[in-house]
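Taking it in order: structure first as structure tokens, then the write-up.
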Amino acid sequence: MITITFILNDGTRHSIDAESEANVMQVATFNDVRGIEGACGGFCSCATCHVYVESAHALPAPAADEETMLTGTAAKRESNSRLACQLKLGPELDGLVVRMPEVQ
Ligand code: FES
């Protein structure tokens, strides 16, 4: 089991034990976490799953399509910005902490 923590805009933290979801966007949307829409269903074409990675996990660099969406579409991109749908669940993500942007 993998635990992912989401920090909402009001500072509320939601820690979720993920079992069957494929990526971090699905963990949020399947568990009714506010702040991630996932409008395109995880096809890397909407950027409504933008998050800031707050934990010190060594994540692979964004692929070209994620980089394009972060640069062109995500509001207020920061150095730790990622698209949650592109963060595939695996043991290396256990303990991941992500913060929601003010707007998607
Ligand atoms: S859900 Fe659309 S880019 Fe992630």
Filter the range 30-56 down to the residues that are buried (at least 17 other Cβ atoms within 10 Å of the Cβ) and not in a loop (DSSP other than H, G, I, E, B), then identify the one that is nearest to the ligand (Cβ to nearest atom). HIS50
Give the residue that is nearest to the ligand (Cβ to nearest atom), with candidates limited to residues of the range 57-82 that are more than 21 Å from ARG13 (Cβ to Cβ) and touching a Leu at 6+ places or on another chain (Cβ under 8 Å). MET69
Before we move on, is ARG82 surrounded by fewer than 16 Cβ atoms within 10 Å (Cβ to Cβ), among the basic types (Lys, Arg) and either in contact with a strand residue (DSSP E or B) (Cβ under 8 Å, 6 or more places away or on another chain) or touching a residue at least 40 places away in the same chain (Cβ under 8 Å) (or both)? no
Let me confirm something: among GLN104, GLN86, which residue is at pLDDT 95 or above, within 16 Å of the ligand (Cβ to nearest atom) and not small (Gly, Ala, Ser)? GLN86
Among (1) loosely packed, with under 13 Cβ neighbours inside 10 Å; (2) within 12 Å of the ligand (Cβ to nearest atom); (3) of a type in the set (Lys, Arg), where does ARG13 come up short? (2)
Tell me, please, whether a residue that is closer than 17 Å to THR5 by Cβ and assigned to a loop (DSSP other than H, G, I, E, B) can be found in the range 60-76. no
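The values are calculated or read from the model by the stated rules, or taken from the named source; none is laboratory data. Just so it is clear, the structure is predicted and the values come from calculations on it, not from any experiment. When we count neighbours, we look across all protein chains shown, and the Cβ atoms used for this are built from the backbone with ideal geometry, even at glycine.
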